[in-house]
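Engineer: The following block contains the structure, expressed as structure tokens.
The values are calculated or read from the model by the stated rules, or taken from the named source; none is laboratory data. Treat the numbers as computed from the prediction; the structure is a model and nothing was measured. Note that each Cβ is placed from the backbone with ideal geometry, even for glycine, and that neighbours are counted across all protein chains shown.
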Amino acid sequence: MLNKHLGFALSVVAIGLFVPGIILPMFTLSMDMAVAISGTGIDAQLVDRELSILTTVQKLWEDERLLVAALIFIFSVVIPITKSLLLTVVYFAKTQRLQQQITDFVSAIGKWSMADVFVVAVFLAVLSTNYTENAQQQEMSFLGMRIGFEISTQTLSNVGEGFYYFTAYCLVSLAGSQLMLRGIRAQTTKGA
């Protein structure tokens, strides 16, 4: 019985972590370009973006990458919310039969909810390019004159607050649902 209550409490905490995890930026990405011609330089910022899970889904949708947007939305938003709602129903359900049916369903979708961990891994892969600098020396002929110039780009990505909230959500949710399901199974076994 203690596992059931502790698991539910962790699930409530997980939802508290989930909301900022999908709203706050997961990472920031900036990309600058500099061109230097005979000592004179021009700088331009090409990209300066903060992306949360929801803004990423929105951007992918606007760019008509519908499948990727839908998959991220389903695995990072829909399944976690569905799982949390079902665990709440299980916690307050009076009949063991209903608890068992929902518990079996939550166990089945629980495997799919590991995809939210995959989303975090994808963001980590993006962030593994934390700092990249590239410079190329070029030469151009113009009206018989040779002009040397250098083009350099710099990419910087950083982890945002949303990353930490979403990662914490994944871990706390996993622990909470496992404890709660274990508690319900133990309760059902005693009742049988």
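Engineer: Tell me yes or no: at least one residue of the range 127-138 is closer than 30 Å to Ala44 by Cα, at pLDDT below 85, loosely packed, with under 14 Cβ neighbours inside 10 Å and in contact with a Phe, Trp or Tyr (Cβ under 9 Å, 6 or more places away or on another chain). Write out each step before concluding.
Structural biologist: Of all residues in the range 127-138, those closer than 30 Å to Ala44 by Cα come to 127-138.
Now drop any that are not at pLDDT below 85, which leaves 127-138.
This time we only want the ones that are loosely packed, with under 14 Cβ neighbours inside 10 Å, so: 128-138.
From what's left, in contact with a Phe, Trp or Tyr (Cβ under 9 Å, 6 or more places away or on another chain): 137-138.
Yes: the range 127-138 contains one or more residues that are closer than 30 Å to Ala44 by Cα, at pLDDT below 85, loosely packed, with under 14 Cβ neighbours inside 10 Å and in contact with a Phe, Trp or Tyr (Cβ under 9 Å, 6 or more places away or on another chain).
Engineer: Inspect all residues belonging to the range 163-185 and state whether any of them is touching a strand residue (DSSP E or B) at 6+ places or on another chain (Cβ under 8 Å) and in contact (Cβ under 8 Å) with a residue 40 or more places away in the chain.
Structural biologist: Going residue by residue through the range 163-185, those that are touching a strand residue (DSSP E or B) at 6+ places or on another chain (Cβ under 8 Å) are 163.
Still in the list and also in contact (Cβ under 8 Å) with a residue 40 or more places away in the chain: 163.
Among the residues of the range 163-185, at least one is touching a strand residue (DSSP E or B) at 6+ places or on another chain (Cβ under 8 Å) and in contact (Cβ under 8 Å) with a residue 40 or more places away in the chain, which makes the answer yes.
Engineer: A further question on this structure: Is one or more of the residues making up the range 157-165 more than 30 Å from Ala93 (Cβ to Cβ), surrounded by fewer than 16 Cβ atoms within 10 Å (Cβ to Cβ) and modelled with pLDDT under 85?
Structural biologist: Yes, that holds for at least one residue.
Engineer: So, one more: Inspect all residues belonging to the range 29-45 and state whether any of them is over 20 Å from Asn158 (Cα atoms), assigned to a strand (DSSP E or B) and among the hydroxyl-bearing types (Ser, Thr, Tyr). Even if it seems obvious, please write down each step before you answer.
Structural biologist: First, the residues of the range 29-45 that are over 20 Å from Asn158 (Cα atoms): 34-43.
Checking the rest, the ones that are also assigned to a strand (DSSP E or B) come to 34-37, 40-43.
Those still in the list that are among the hydroxyl-bearing types (Ser, Thr, Tyr) too: 40.
Yes, because at least one residue in the range 29-45 is over 20 Å from Asn158 (Cα atoms), assigned to a strand (DSSP E or B) and among the hydroxyl-bearing types (Ser, Thr, Tyr).
Engineer: What pairs can you find where one residue is in the range 1-25 and in contact (Cβ under 8 Å) with a residue 12 or more places away in the chain, the other is basic (Lys, Arg) and in a helix (DSSP H, G or I), and their Cβ atoms are less than 9 Å apart, with a gap of 6+ or different chains?
Structural biologist: Listed pairs, sorted by first residue: Asn3/Arg182; Lys4/Arg182; Gly7/Arg182; Ser11/Lys83.
Engineer: Identify, please: which residue in the range 1-14 is within 20 Å of Val77 (Cα to Cα) and surrounded by 19 or more Cβ atoms within 10 Å (Cβ to Cβ) and is, among those, farthest from the chain's Cα centre (by Cα)?
Structural biologist: Ranking the candidates gives Phe8 first.
Engineer: When residues of the range 41-100 are filtered for being touching a helix residue (DSSP H, G or I) at 6+ places or on another chain (Cβ under 7 Å) and basic (Lys, Arg), how many remain?
Structural biologist: Total satisfying the criteria: 1.
Engineer: Would you check if there is a residue in the range 64-87 being part of a loop (DSSP other than H, G, I, E, B) and either under 30 Å from Thr188 (Cα atoms) or in contact with a strand residue (DSSP E or B) (Cβ under 7 Å, 6 or more places away or on another chain) (or both)?
Structural biologist: So in the range 64-87, the residues part of a loop (DSSP other than H, G, I, E, B) come out as 64-65.
Then keep just the ones that are either under 30 Å from Thr188 (Cα atoms) or in contact with a strand residue (DSSP E or B) (Cβ under 7 Å, 6 or more places away or on another chain) (or both); that gives none.
Checked against the condition, which is being part of a loop (DSSP other than H, G, I, E, B) and either under 30 Å from Thr188 (Cα atoms) or in contact with a strand residue (DSSP E or B) (Cβ under 7 Å, 6 or more places away or on another chain) (or both), the range 64-87 yields no hits at all.
Engineer: With the structure loaded, tell me whether Leu181 is modelled with pLDDT under 85, surrounded by 14 or more Cβ atoms within 10 Å (Cβ to Cβ) and assigned to a helix (DSSP H, G or I) or whether it fails that test.
Structural biologist: On the way: modelled with pLDDT under 85: yes; surrounded by 14 or more Cβ atoms within 10 Å (Cβ to Cβ): yes; assigned to a helix (DSSP H, G or I): yes.
For Leu181, the condition - modelled with pLDDT under 85, surrounded by 14 or more Cβ atoms within 10 Å (Cβ to Cβ) and assigned to a helix (DSSP H, G or I) - is met.
For (1) more than 16 Å from the chain's Cα centre (by Cα); (2) at pLDDT below 85; (3) surrounded by 15 or more Cβ atoms within 10 Å (Cβ to Cβ); (4) over 18 Å from Leu171 (Cα atoms), each residue gets a yes or a no:
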residue	(1), (2), (3), (4)
Gly21	no, no, yes, no
Ser30	yes, yes, yes, yes
Ile37	yes, yes, no, yes
Asp43	yes, yes, no, yes
Leu46	yes, yes, no, yes
Arg49	no, yes, no, yes
Gln58	no, no, no, yes
Arg65	yes, no, no, yes
Ala70	no, no, no, yes
